[in-house]
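*Asks:* A single structure is presented below for examination.
The values are calculated or read from the model by the stated rules, or taken from the named source; none is laboratory data. Since we're looking at a predicted model, the values are computed, not measured. Methodologically, a virtual Cβ is constructed for each residue, glycine included, from the backbone with ideal geometry; neighbour enumeration extends over all protein chains shown. Just the protein is used for accessible areas: all its heavy atoms, side chains included, with ligands, DNA and RNA removed. Shrake-Rupley method; radii C 1.70, N 1.55, O 1.52, S 1.80 Å.
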2 protein chains.
Amino acid sequence: MNRQVLSRAFSRTAPFRVVTPLIRVPALEKRWKCELYLKCDQLQEIGAFKIRGAANFALQLTDEERRKGLVTHSSGNHAQAVAFLAHQLGVKAFVVMPENSNKMKIANAKKWGAEITLCAPTIEARLATANELAQSTGGNVIPPFDHPWIVAGQATCAMEVFSEMNDVDVLIAPLGGGGLLAGSALAAKHYSNQTMVIGAEPEQAQDGYLGFNSGIREEKVMANTVADGLRTTVGITPFEIIKDEVEDVWLAAEERIVPWMYQMWAETKLIMEPSSVVPFAAMDAQQEKLKGKKVVVIITGGNVDLAHLPAFVS
Amino acid sequence: MNRQVLSRAFSRTAPFRVVTPLIRVPALEKRWKCELYLKCDQLQEIGAFKIRGAANFALQLTDEERRKGLVTHSSGNHAQAVAFLAHQLGVKAFVVMPENSNKMKIANAKKWGAEITLCAPTIEARLATANELAQSTGGNVIPPFDHPWIVAGQATCAMEVFSEMNDVDVLIAPLGGGGLLAGSALAAKHYSNQTMVIGAEPEQAQDGYLGFNSGIREEKVMANTVADGLRTTVGITPFEIIKDEVEDVWLAAEERIVPWMYQMWAETKLIMEPSSVVPFAAMDAQQEKLKGKKVVVIITGGNVDLAHLPAFVS
């Protein structure tokens, strides 16, 4: 993907995304002896970065295609992104959600007027139901990560970072389906001369780590992590980019994720969901690589179910 | 207090306070049909606005006075403010805390190196212990709210608002000891032509409301509210200012405070402590006065004990 594809994604999506703030956390800078900035993308109106890719995709459909509605399947933040976007564009959203999705996430998608179809909680049932809906409505399916338009949209997050700071040494993003990490790596390639891009993945969903190190995409790794946004397998398009453009993938110990979540809430007063703190849980084992560096961590989302928080652990 | 006193407090405290952001919340703007900004003072390094007044006080002591240490008594955010400030100034902090203070707040004061003395949980024991400490150390007591220097320091919060926006119609601040509300009213008087300043108080700690309406300061009203920062009685100095310069005091229904806290967390991804959401719980009964207006609410703090959160209610 060349620079022009990214720069067009940047202009195209501008009306639908917030340029989120970069904040410093003095207490953590002492811990890692680095200059640390959080790119607070949980401050998007839907509480997550996912609006970036969804907008870049939907805005490249024709008017006629869009008028038939936007279809997607997701148990989480991508569902909200598509629902919000359809609302802003004045079209319908048809969202397939697994029947075991948490009620808050279903309510959030409904809040924007999406029509929700529940299905069995398997990837096969989700795809089949979404395809049926696309056929019956004529609407296009907006994929959650495995498409170049989605990757280019997610790249706008790191592009915002580089437009504010041109001397970032290390940029760290969580790795789930890979859209954000691949987009960040492309943004660094085209808009920064010196930034190493690192992915952070839970040990309990390490398909990205294994694939990155072997060079062959892993499809069957058990995902059993509290970081619900990162349970997906890395997509084909993101994997090809990550393999070539990402510097490294770091693993986070599962038992450190919830403590880091609450520590970040306490230190920053900003809500971060478990997936968003996976980079911090991974950084502790990489102290030497951070020392003296200018580091940016992308905070991907803040959609936690406040009625059912994980037990407090420090 | 004249304009010069405030403007000197503004310059004096600048190195110790963060100019906190004003953020808009689209979902709430629809609810109240107004333009709504949150002044996010929980993003101060200590997680609360209290650093403003404490800094303005401590910086007016002589070097010799300061060298003997800063003494205070508090079960909450003021303790942290004094501990943080002493740490920044390189002097000792002696903080008296009631023995039933929550462990997180004690730990937060200790984090900055304060020497903690526990005492019986009565105001008499707190004052007596703080005075003994002041005598034995020679340090000065930094009062939490009832002093003109504290009021002028807290005024810097609204001064920051007016320096960014000169057309605020309504500014709402929680009312506890009254330092922030009195300071905000003085800031509006000297730095804004059109702003009505409103206090918001829990029904279960309505001494400020009663005093404001009768013109006579109330000293003995039972305070039994989840908004722990607002359980104090309005001080003598703040009361005199509030009586003359504040437009109105609105009451919040106790049972709406916790639901508003969680709603604000969900809508903004920003942690607010119960005291900070009292304005929202009070605003619902005042819809007509807000419609079409430009409204700023000061968010006073985000120091909640994450290990012991109130049960979720929506």
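*Asks:* Report, in deg cm²/dmol and to the nearest 500, the calculated mean residue ellipticity at 222 nm for chain B, where each DSSP H run with n ≥ 4 adds -39500 (n - 2.57) and the sum is divided by the residue count.
*Replies:* Working: 14 runs with 142 residues, N = 314.
Calculated at 222 nm, the ellipticity per residue is -13500 deg cm²/dmol.
*Asks:* Kirkwood Rh over alpha-carbon pairs of segment B:45-102, then Stokes-Einstein at 4 °C and 1.567 mPa s: what D in µm² s⁻¹, rounded to an integer?
*Replies:* Working: Rh = 11.5 Å.
Calculated translational D: 113 µm²/s.
*Asks:* A further question follows. Can you report the principal axis dimensions of segment B:51-141 using only the alpha carbons, biggest first, rounded to whole angstrom?
*Replies:* 34, 25, 19
*Asks:* Total Å² of accessible surface buried at the B-A contact, 1.4 Å probe, nearest 100?
*Replies:* On the way: alone 13010 and 13020 Å², together 24470 Å².
Roughly 1600 Å² of accessible surface disappears when B and A pair.
*Asks:* Going by average Cβ density within 10 Å per residue, which order do the peptides A:252-263, A:20-31, B:172-183 take, highest to lowest? Please list the in-between numbers first.
*Replies:* Working: A:252-263: 20.2, A:20-31: 14.7, B:172-183: 31.8.
Answer by packing, highest mean first, reads B:172-183, A:252-263, A:20-31.
*Asks:* Treat segment B:158-314 as a sphere of radius equal to its Kirkwood radius over Cα pairs and apply Stokes-Einstein at 37 °C in a medium of 0.692 mPa s; give the translational diffusion coefficient in µm²/s, rounded to a whole number. Provide the component values of the computation, followed by the final result.
*Replies:* Numbers: Rh = 15.7 Å.
Rounded to a whole number, D works out at 209 µm²/s.
*Asks:* In square angstrom, what is the accessible area per residue of the protein assembly as shown with a 1.4 angstrom probe?
*Replies:* Using a 1.4 Å probe on heavy atoms only, each residue of the protein assembly as shown averages 39 Å².
*Asks:* Right, something else. How many percent of all Cα-Cα pairs in the protein assembly as shown sit more than 40 Å apart?
*Replies:* 32 percent
*Asks:* Among B:Met196, B:Met165, B:Met272, whose mean-square fluctuation peaks in a Gaussian network model of chain B (Cα, cutoff 10 Å)?
*Replies:* Of B:Met196, B:Met165, B:Met272, the Gaussian network model singles out B:Met165 as fluctuating most.
*Asks:* Now for a different question. Quick one: plug the Kirkwood hydrodynamic radius of chain A (C-alpha pairs) into Stokes-Einstein at 37 °C, 0.692 mPa s, and report D in µm²/s.
*Replies:* Value of D from the Cα-based Kirkwood radius: 170 µm²/s.
*Asks:* Within the set of other residues whose C-beta is less than 12 Å from the C-beta of A:Asn2, count the net charge using Lys and Arg as +1 and Asp and Glu as -1. Could you put the intermediate results ahead of the total?
*Replies:* Numbers: positive: A:Arg3, A:Arg8, A:Lys189; negative: none.
Here the charged neighbours net out to +3.
*Asks:* Put a dot 7 Å past each Cα toward the Cβ at B:Glu99 and A:Lys103; how far apart are the dots in nm?
*Replies:* 4.3 nm
*Asks:* Right, something else. Sorted by average packing, counted as other Cβ atoms within 10 angstrom per residue and highest first, what order do B:227-236, A:86-95 take? Provide the component values of the computation, followed by the final result.
*Replies:* Numbers: B:227-236: 23.3, A:86-95: 20.0.
Those peptides, ordered most packed to least, come out B:227-236, A:86-95.
*Asks:* Here's another thing I want to ask about it. What is the percent carbon and sulfur in the accessible area of segment B:51-141, measuring with a 1.4 Å probe over the protein chains and ignoring ligands?
*Replies:* On the way: 1900 of 3920 Å².
Taking all protein chains in place, segment B:51-141 shows 49 percent carbon and sulfur surface.
*Asks:* Less than 17 Å from a label point 7 Å out along the Cα-to-Cβ axis of B:Thr62: which backbone N atoms in segment B:126-156 qualify, by residue?
*Replies:* Flagged as within label range: B:138-141.
*Asks:* Here's something else I'd like to know. How many partner chain Cβ atoms sit within 10 Å of a residue's Cβ in peptide A:304-312, on average, as a whole number? Kindly include the intermediate steps, with their values, before the conclusion.
*Replies:* Values: counts 3, 2, 8, 6, 1, 3, 0, 1, 5.
Shielding by partners across A:304-312 averages 3.
*Asks:* If the cut-off is 27 Å between C-alpha atoms, which lysines fall inside it for A:Lys189, apart from same-chain ones fewer than 8 positions away?
*Replies:* Correct list for A:Lys189: A:Lys33, A:Lys39, A:Lys50, A:Lys243, A:Lys289, A:Lys291, A:Lys293, A:Lys294.
*Asks:* Could I ask something else about it? Using the Kirkwood formula on the Cα atoms of segment A:103-179, what hydrodynamic radius do you get, in angstrom to one decimal?
*Replies:* Working: mean 1/r = 0.0641 Å⁻¹.
Mean inverse Cα-Cα distance, inverted, gives 15.6 Å.
*Asks:* Also, quick follow-up: Which residues of segment A:7-51 bury at least 20 Å² of accessible area once all protein chains are present, versus their chain alone (1.4 Å probe)?
*Replies:* A:Pro26, A:Lys30, A:Leu43, A:Glu45
*Asks:* Report, to the nearest whole %, how much of the accessible area of segment A:205-314 belongs to carbon and sulfur atoms, 1.4 Å probe, protein only.
*Replies:* 48 percent
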